[in-house]
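*Asks:* The structure's right below; bear with me while I get my questions together.
The values are calculated or read from the model by the stated rules, or taken from the named source; none is laboratory data. Since the structure is predicted, the reported quantities are computational estimates derived from the model, not experimental observations. Neighbour counts are summed over all protein chains in view; Cβ atoms, including those assigned to glycine, are modelled from backbone coordinates with ideal geometry.
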Amino acid sequence: MLLRCAAVSASSGSRYAVGLDLGGTDLKAARVSADGRLEGFAKRPSRAAESAEGPLEAIAEAVAALTHGARDGLIGVGLGSPGVIDPVTGSLAGPTPHLHFWEAFPLRERLSQRLGLPVVVDNDANLAALAEHRLGAARGARVSITVTVGTGIGAGIVVEGRVLHGARGGAGEIGHLPLGRGGAPCRCGVPDCVEPDASGSGLARHARELGLSPAEAATVFAAAEAGDPRAQAVVAAMADRLGAALGVAVSLIDPDVVVLGGGVAQAGERLLEPVRAAVSRYTLATHREGLRVVAAALGERAGVIGAGLLAWDAAARSA
């Protein structure tokens, strides 16, 4: 399994990519071998709240730490970022709540200039999906959807080993389907967006309403498991809306596997069981036949692994 291999260092002097997973709070980074093994995995503050230059400086520092001042064997850098990434230019196509100082930002160009290295960029959820498809819970599938359920909802679609980007890089935004029950508005502006009802932020909102402390998703799941009927109703409603969104994706994409990851998905079967039931409820019999809804396998390292694989793919194309 890759999770065991991830702890095994690549041999000294071997070729490697640097994989980076940029978030609003943390930047994850590692050296990534061609087969997805990691070396030197670490997290540092992303500095995204400081300025437009802050994340670029954090990335440069992470790359310097991983290369130890020498670039022998380094084939390139892959980066996963929040937001819609133009698949042609590698630019952030518009605003994203997690990167306040970047809008229509030429991310690949700026990083290539700063690092003096070949850089490839994609959406962070797409890269987590790529890693799970090739090396994780969706390994062996022809078509997979990987959904990251945390404060919000991210998703990536992979078909025969390649990420499906859409015309402008925005494919897979199932969190913003108009399937919500109107409980709270979403910052995206889509009326009745499903994300507030199907994500960790929605569970945290309900925890506050129920007087549960701390007001977070894990608290609601714990209360539900302890028999609190109010918490059980909240979890059931959340799983229903998440399952409805996944049902739409299944109807459109017809995947072999749906992978659930992210912080909220750490609830395991307490979430997976009602979500599977909801997906079955909202899909055609022809589409749910043989469909698997499973937990992610690669944890918090999936985005870094996917970013490294992206860099290796780019190097192979340019060879």
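*Asks:* Between a first residue in region 47-73 that is closer than 19 Å to ARG110 by Cα and a second residue that is outside any helix (DSSP H, G or I) and β-branched (Val, Ile, Thr), which pairs have beta carbons less than 8 Å apart while being 6 or more apart in sequence or on different chains?
*Replies:* Here the result reads ALA48/THR25; ALA62/VAL18; VAL63/VAL18; VAL63/VAL77, each pair linking region 47-73 to a residue that is outside any helix (DSSP H, G or I) and β-branched (Val, Ile, Thr).
*Asks:* Sticking with this one: Given (1) part of a helix (DSSP H, G or I); (2) within 24 Å of the chain's Cα centre (by Cα); (3) among the aliphatic types (A, V, I, L, M), identify the lone condition not met by ALA223.
*Replies:* (2)
*Asks:* Looking at region 99-157 only, could you name the residues that are outside any helix (DSSP H, G or I), among the polar types (S, T, N, Q) and in contact with a strand residue (DSSP E or B) (Cβ under 8 Å, 6 or more places away or on another chain)?
*Replies:* ASN123, SER144, THR146, THR148
*Asks:* Turning to a different aspect of this structure: So if I check each of ALA184, ALA155, ALA171, which one is free of Cβ contacts under 8 Å to residues at least 24 places away in the same chain and under 15 Å from GLY83 (Cα atoms)?
*Replies:* The unique qualifying residue is ALA171.
*Asks:* Restricting attention to region 180-211, and to residues there that are more than 21 Å from GLN232 (Cα to Cα) and under 22 Å from the mean Cα position of the chain (by Cα), which single residue is surrounded by the fewest Cβ atoms within 10 Å (Cβ to Cβ)? Walk me through it before giving the result.
*Replies:* Going through region 180-211, the residues more than 21 Å from GLN232 (Cα to Cα) turn out to be 185-193.
Narrowing the set further to residues that are under 22 Å from the mean Cα position of the chain (by Cα) leaves 186-190, 193.
On the way: CYS186: 21, ARG187: 11, CYS188: 13, GLY189: 8, VAL190: 16, CYS193: 22.
Across region 180-211, the extreme among qualifying residues is GLY189.
*Asks:* Among the numbered criteria (1) surrounded by 16 or more Cβ atoms within 10 Å (Cβ to Cβ); (2) out of contact with any Lys or Arg (no Cβ under 7 Å at 6 or more places or on another chain), which single criterion is violated by PRO214?
*Replies:* (1)
*Asks:* Here's a follow-up. Residue check, SER144 against (1) more than 19 Å from HIS98 (Cα to Cα); (2) surrounded by fewer than 24 Cβ atoms within 10 Å (Cβ to Cβ), all met but one. Which one?
*Replies:* Just one mismatch for SER144, condition (2).
*Asks:* Also, I was wondering about something else. Taking the residues in region 141-164 that are more than 21 Å from GLU300 (Cα to Cα) and at pLDDT 95 or above as candidates, determine which candidate is nearest to the chain's Cα centre (by Cα).
*Replies:* Only one residue tops the list, namely LEU164.
*Asks:* If you take the residues in region 23-45 that are within 20 Å of SER91 (Cα to Cα) and modelled with pLDDT under 95, which one is surrounded by the most Cβ atoms within 10 Å (Cβ to Cβ)?
*Replies:* Only one residue fits best here, namely GLY23.
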